[in-house]
Amino acid sequence: MTKYVVIGAGILGLATADAIGASDPSAEIVVLEKEDRVAPHQTGRNSGVIHSGIYYVPGSKKALMSKAGAESMRRFAKDNGIAMQETGKLIVATNESQLPAMRKLLARGQENGIPVRELSAAEALEFEPHVRAVGAIRVETTAIVDFVGVCQRLAEQIAERGGEVRFSSPVTGMHHQGEQTIVQTPTGPIIADVVVSCAGLYADRVAAQDAGKALDYKVVPFRGEYFELTREREHLVNGLIYPVPNPELPFLGVHLTRMARGGVHAGPNAVLALAREGYDWKTIRPADLLDSLRFPGFWKMAKDNLGVGVMEVRRSLSHKRFAASLAELVPEVTEDDIVPSPAGVRAQLLTRDGKIFDDFLIERSGRNVHVLNAPSPAATAALEIGRHIAQQATASA
């Protein structure tokens, strides 16, 4: 019997543990989560969107897994009674200068095999009567889902197969004993044949513990702040309204998203978090902040994106500016129409030369497997990524 320890009860950790159990019924599986519930961080604090795959470079892991992931995630939600709506999405050009980038994105979607089509301004208004658009892309395969509900069901399936999800169980250290790994926790050590780390904001630190040395990558946390439309103004948005993204950045820009369990999310922006779990400006952990500031790649990235960074900080500090960004998409939105909503923190992997690592990065270390970078659409593609990781993990057992 092979013993697997999966670190992290976000959607990737749970999907991986579930996939291992499905492929190896005799496996002993323990999922370790430092918090007291599933999906406490990135998974439970995002927009809840099942992405179609339109944005991603053809042939990349993101492109390949997102399309298949959107299908499997919608199917999983339907089969398990999890809140999900197939809303479709508009990506809107709000002025003529954005049309070339919009059409380039349209071509990318077509190359990725996504059912997309270009709309005129009048056609866009048929889907979203309050939107400002000189042109738009309609993406029919985008949906919204309750990702926390997905995680809860995955945890149930793991338990039904005899696995265990242990909460309030942080990993405090690791060392090797022959081919096995000793995982330290506050309640004692666990001897694992294979460790799979889906540690999100701490992915680089866990991998460095396993390797016994520093990595050439660093997770730098970026906070994404959200608002919600007041109930009286929710009628301004029927589904999902996104801007044409800046191709130089991995962030999609502030957008408006109707949520699977009600309400309309507005955001997120992207500002440096002052702690790995820095969900507001008041949360500062000097060790985390110094970890980012001492990494040479951070300063190179900051220099290359100084203008954008300043704009994001100004928007973070001003509700009026945040509302104005939303009004570029829906002109009727004002500062009085938005109320704060819980923020999220994105674990963004940087290289030493300042490059933002945009694709999924999953690496082996002996028998162990580490998910070092899993940005959006990782939640969308979680079931596919989980199966991919499970194949690597079981092959090394």
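The values are calculated or read from the model by the stated rules, or taken from the named source; none is laboratory data. It should be emphasised that the depicted structure is a prediction, and the values quoted were computed from it without experimental measurement. Cβ atoms come from the backbone with ideal geometry, glycine included; neighbour counts cover every protein chain shown.
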Leading residue by the ranking (surrounded by the fewest Cβ atoms within 10 Å (Cβ to Cβ)) among those in segment 124-166 that are acidic (Asp, Glu) and within 22 Å of Pro245 (Cα to Cα): Glu140
Failed criterion for Glu126 (all others in (1) in a strand (DSSP E or B); (2) more than 13 Å from Ile54 (Cβ to Cβ); (3) among the acidic types (Asp, Glu) hold): (1)
Determine whether Arg364 is basic (Lys, Arg) and modelled with pLDDT under 95. yes
Any chance segment 298-318 includes a residue that's modelled with pLDDT under 95, under 28 Å from Asn373 (Cα atoms) and assigned to a loop (DSSP other than H, G, I, E, B)? yes
Within segment 319-342, can you find the residues that are part of a strand (DSSP E or B) and either surrounded by fewer than 21 Cβ atoms within 10 Å (Cβ to Cβ) or without any contact (Cβ under 8 Å) to a residue 24 or more places away in the chain (or both)? Val339, Pro340, Ser341, Pro342
Arg315 meets each of (1) among the charged types (D, E, K, R); (2) under 15 Å from Leu252 (Cα atoms); (3) touching a Phe, Trp or Tyr at 6+ places or on another chain (Cβ under 7 Å) with one exception, condition (2)
Considering Ile20, Ile91, Ile82, Ile29, which residue is in contact (Cβ under 8 Å) with a residue 12 or more places away in the chain, assigned to a loop (DSSP other than H, G, I, E, B) and touching a helix residue (DSSP H, G or I) at 6+ places or on another chain (Cβ under 8 Å)? Ile82
Filter result (assigned to a helix (DSSP H, G or I), surrounded by fewer than 17 Cβ atoms within 10 Å (Cβ to Cβ) and touching a residue at least 40 places away in the same chain (Cβ under 8 Å)) within segment 271-297: Pro296
